[in-house]
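*Asks:* Got a structure here, written out as structure tokens. Questions coming.
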Amino acid sequence: MGVAPPASLSMNYRHAFHAGGFVDVMKHVTLARLIEYLKLKPAAFRMIDTHAGIGRYSLTGDEAKRSPEWLDGIGRLLKAKLKPEAETLLQPYLEAVASENRNGTLARYPGSPLLARKLFRPQDRLSALELHPADYRRLRDLFEGDVQVRVTELDGWLALNAYVPPKEKRGLVLVDPPFEEAGEWARMVEGLSKAHRKWATGIYLLWYPLKEPREVNGFVADLKAAGITRMLRAELSVAPAVAGTLYGSGLIVVNPPYTLEGELKIVLPALAAVLEQGKAGHRLEWIRGE
Ligand code: SAM
């Protein structure tokens, strides 16, 4: 007899349908910039990936064939001619993707835990949480024997509170839930507020969908009211803002490195130009500064 999944797990969401799409590209490029920044100091850092997925996605498997979102994401980016300054900033991300596809054809895409791991130095560590039982097993198998990675079958919302601060006292927390359930916006604000009280100097990277402008406005208002300083809001839209359709991707970066705003000023317009599906745009602003 199967065990009922925890209430906070959406069993319907399978990231394999979306891997390598425009959302992943924007999120993973930003993640790679944060990791590159953390690597500037020799001290070890930890990444906590609260909703980690399976780590490696086939772009030729059933899910990707049924929903080939990657064609309008990483597929386009690899064919694009970028300006040199954008290309330089995207290089660590693109090299990590290339390392999954050594024969030159795009067949696999690295999700956040694998992308991060590829960018790590020997001293850096990853704690990856995944609650879907089958996805957890795949992620665990992917990193089997890797002393730098610990994969745990645990509710990422619990981990967001329980795993901070990490013993390294430096690093970042990626919070990337499916947004398929009611209450995930509020859980994000509450989870961040609690974690931030325990670890105020960590970098937090929160993803949210641009789907319902009303929900995004409420989320941003709640974040402002949470009293957390140094929060940067970055958004990329690739299609006309029709409520109910996923027309863009948003990120909140808490405690961004001082370099990030300038980098995103270059990266976001470059991605918008490449990933446009009818109407593209971007937004970069501080929700709260110092
Ligand atoms: N972060 C991944 C990446 O960028 O490659 C993608 C993650 S996907 C958007 C969300 C994942 O969260 C899914 O694999 C889903 O099974 C998992 N999930 C859903 N609810 C969860 C929870 N409460 N705790 C941990 N994982 C959860």
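The values are calculated or read from the model by the stated rules, or taken from the named source; none is laboratory data. Just so you know, these numbers come straight off a predicted model, no measurement behind them. Don't worry about glycine lacking a Cβ; one is built from the backbone with ideal geometry, like all the others, and counts go over all protein chains shown.
*Asks:* A98 - would you say it is touching a residue at least 24 places away in the same chain (Cβ under 8 Å), away from the ligand (no atom under 15 Å from the Cβ) and either out of contact with any strand residue (DSSP E or B) (no Cβ under 7 Å at 6 or more places or on another chain) or among the charged types (D, E, K, R) (or both)?
*Replies:* Spelling it out, it is not the case that A98 is touching a residue at least 24 places away in the same chain (Cβ under 8 Å), away from the ligand (no atom under 15 Å from the Cβ) and either out of contact with any strand residue (DSSP E or B) (no Cβ under 7 Å at 6 or more places or on another chain) or among the charged types (D, E, K, R) (or both).
*Asks:* Condition (residue is under 26 Å from R14 (Cβ atoms), away from the ligand (no atom under 12 Å from the Cβ) and at pLDDT 95 or above) applied to the stretch 200-210: is it met by at least one residue?
*Replies:* yes
*Asks:* Of all the residues that make up the stretch 151-170, how many are under 15 Å from L131 (Cβ atoms) and out of contact with any helix residue (DSSP H, G or I) (no Cβ under 6 Å at 6 or more places or on another chain)?
*Replies:* Adding up the residues that qualify gives 8.
*Asks:* Which number in (1) surrounded by fewer than 18 Cβ atoms within 10 Å (Cβ to Cβ); (2) touching a residue at least 24 places away in the same chain (Cβ under 8 Å) marks the one condition that R197 misses?
*Replies:* (2)
*Asks:* Write out, first by first residue and then by second, each pair whose Cβ atoms fall under 7 Å of each other, whose residues are 6+ apart or on separate chains, and whose first residue, in the stretch 222-238, is surrounded by 15 or more Cβ atoms within 10 Å (Cβ to Cβ) while the second is among the acidic types (D, E).
*Replies:* Every condition considered, the pairs that remain are R230/E290; L232/E261; R233/E285; V238/E276.
*Asks:* Now for a separate question. Regarding A128, is this residue away from the ligand (no atom under 13 Å from the Cβ) and either in contact (Cβ under 8 Å) with a residue 40 or more places away in the chain or polar (S, T, N, Q) (or both)?
*Replies:* The answer is no for A128.
*Asks:* I would also like to ask the following. Please work out if A19 is buried (at least 24 other Cβ atoms within 10 Å of the Cβ) and either near the ligand (Cβ under 8 Å from one of its atoms) or modelled with pLDDT of 95 or more (or both).
*Replies:* So A19 passes the test.
*Asks:* K83 - would you say it is without any contact (Cβ under 8 Å) to a residue 24 or more places away in the chain, away from the ligand (no atom under 13 Å from the Cβ) and charged (D, E, K, R)?
*Replies:* no
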